[in-house]
1. Using the Cα centre of the chain as the reference point, and only Cβ charges (+1 on K/R, -1 on D/E), how large is the resulting charge dipole? Debye, rounded to the nearest 20.
2. Considering only Cα-Cα distances, which of the following residue pairs are longer than 28 Å: 337/517; 314/337; 345/533; 308/533; 138/345; 345/532?
3. Please find the FRET efficiency linking residue 86 to residue 544, where r is the Cβ-Cβ separation and R0 is fixed at 35 Å, and quote it to the nearest 0.05.
4. I'd like to know which of 292, 259, 272 lies farthest towards the positive end of the charge dipole of region 239-293, counting +1 on Cβ of Lys and Arg and -1 on Cβ of Asp and Glu.
5. Could you calculate the contour length gain from residue 472 to residue 47, that is, 0.36 nm times the residue separation minus the distance between their Cα atoms, to one decimal place in nm?
6. 7 Å from Cα along Cα→Cβ at both residue 271 and residue 535: what's the point-to-point distance in nm?
7. Give a quick list of chymotrypsin sites (Phe, Trp or Tyr not before Pro) in region 239-301 that DSSP marks as loop, anything other than H, G, I, E or B, with at most 14 other Cβ atoms within 10 Å.
8. Just name one of 520, 175, 431: the one whose Cα is farthest towards the positive end of the charge dipole of the chain (beta-carbon charges, Lys/Arg +1, Asp/Glu -1).
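The values are calculated or read from the model by the stated rules, or taken from the named source; none is laboratory data. Owing to the predicted nature of the structure, the values given are computational and were not obtained by experimental measurement. With ideal geometry, Cβ positions are generated from the backbone for all residues, glycine too; neighbour counts draw on all protein chains shown. These accessible areas exclude ligands, DNA and RNA; they are computed on the full protein's heavy atoms, side chains included. Shrake-Rupley method; radii C 1.70, N 1.55, O 1.52, S 1.80 Å.
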Amino acid sequence: MGTITVWLARSFSMNWTMRCLGISVLALTVWPSRAYSQPKPVDAEGHQWWQHAVFYELYPRSFADSNNDGIGDLNGITSKLDYLKSLGIDAIWLTPCYPSPQVDFGYDVSDYENIDAMYGTLQDFDRLASEAQKRGIKIIMDFVMNHSSDQHAWFKESRSSRDNPKRDWYMWRDGKGESQTPNNWISIFGGPAWKFDPTTGQWYYHFFYAEQPDLDWRNPEVEKAMFDVTRWWYKRGVAGFRLDAVDTLFENPDFKDNPVLPGKNAHGDPNMENRYNTKLPELHDVLRRLRVVADENNAVLIGETWTKDIEELKSYYGGHSNELQMPMDFLFARIDKLSAPEFRKQIAGVDAAGWPVYVLSNHDITRAYNRYGDGQHNDAIAKLMASLYLTLRGTPLMYYGEEIGMENNDPKRKEDVKDPVGKVGWPEDKGRDGERTPMQWKAAPNAGFSSTTPWLPVPTSYKTHNVHAELKDKASILNFYQRLLALRHAEPALLDGEYVALNEDDPNVLSYLRRYKAETVLVVLNMSGAGKKIRLDLKGNGSKASTLLSTQGRSKLVSVSSISLEPFGVFIGKMEQ
Ligand code: GLC
Ligand code: CA
């Protein structure tokens, strides 16, 4: 079983995926009419900046190593901004680069308002932010809300005594009996979700590793401190946050036992429905209040929203579009095969739900190159998948290296595994190292990422799949991404046009229009390994198109009511009126 399957299977079976008000009386009475700040639209139709942006997730540890210690850093990222700009990126999401003991590679934060020395300094961050701004690139930070590191000053205080003022910032409970956890909840990373602390003789709750104690979001002081963290970064020029593990924010106040399901998971724990510790309705109240702060700063909130269906995904936008602007649609990424009918169905669902956010993979999910590739036509399939999610209505979120066809490089031996998930789950679950390897810059040792052995090894495909080589090759995946992203920015129909499905019974070819005012763009994607000739029902939108981008040679003007495509071929054209 591949990492994605195990990861998602784990998420689903363990139900991860099913997983102050500070207005003072004075403020209300003295300034009752203080206007609620509305974010500024970028066009007359009220679109927000993030609706026209292409986002790029960047794993700082693995992007570019400026000081050659084998670990990527902020100065490395700054040195690659011109590359990102020429690729067509408008916003970068940095996974956590805050001070951290790195138990979960940064998702265990010990100080929310600083940069870990291994990645640089706050001054380096400011330089990155200002250089990015000069190029029109926005920066999104990762907001690890559910838990801090056990090395955070808050937790050190909290654990020091039962009457410490920070005691109630985390969740401490008595055991059911001698050496017995307070309830049956288990950690998604294996073992009980409780750790006993002898200093005070109580247990604390952790949904992830024991080194990641859950903050208590029922405590208004926690909310205030965490909201202030976002304000602090907004002032430093950050344009939004990706909210980590958002469905784990709240727990049932009575800490009831979860229902146990038959069988065991990859960690040997009983399968469980996480009914009382994931997706509690209270989390939506926090999101609404956090959105007010975001709106005051013209910022965007992106959610790590593992949902079981579209209805659940819809709930994250908020009833009045007042929660997350961009909840990620992982249902799309879960379609693990090239299936026109499955993608068609999923696209229609999310398109009707709100402003879609499309993702193919990330630092927790096996790379798209491996998941969709058939082993023979992987490069063609990489272009096909790019053509799909970069031409849909909605905001695409790329993962670094996708644009050069980077592949997973899973550890071959248990002793090489860095991600604790893989250490616990080996060999069934090899962890997430494979999708986190260094960016492949050129055909030089360590793919040009670093002159020292990097923290994770690069796959041998770096020799052909790297930025330097692909920039020179007109037929490369990178070249294709550049042209596609340029088109996406230039064609109003690709940015704002409605999505109109065509030939909905076709089992192999996914076709649709993007229609905006008088302009219509046609997208035809052959998701099969056989050449196809199809008759398109263009629903009265003409019959001739000028070619915008195609994977096979075509004349400029094409008659598209009948069109042939090579295996995994792509045609994108603008309908002639
Ligand atoms: C999110 C992150 C993942 C991390 C977990 C705990 O799922 O994407 O990498 O391990 O949260 O913070
Ligand atoms: Ca929690």
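1. Values: 67 positive and 76 negative charges, 318 e Å.
For this selection, approximately 1520 debye.
2. Distance filter (> 28 Å) returns 337/517; 308/533; 138/345.
3. That pair, residue 86 with residue 544, gives E of 0.60.
4. My answer, from the dipole projection, is 292.
5. 149.4 nm
6. Roughly 4.7 nm, to one decimal.
7. Nothing satisfies the criteria.
8. Farthest towards the positive pole: 520.
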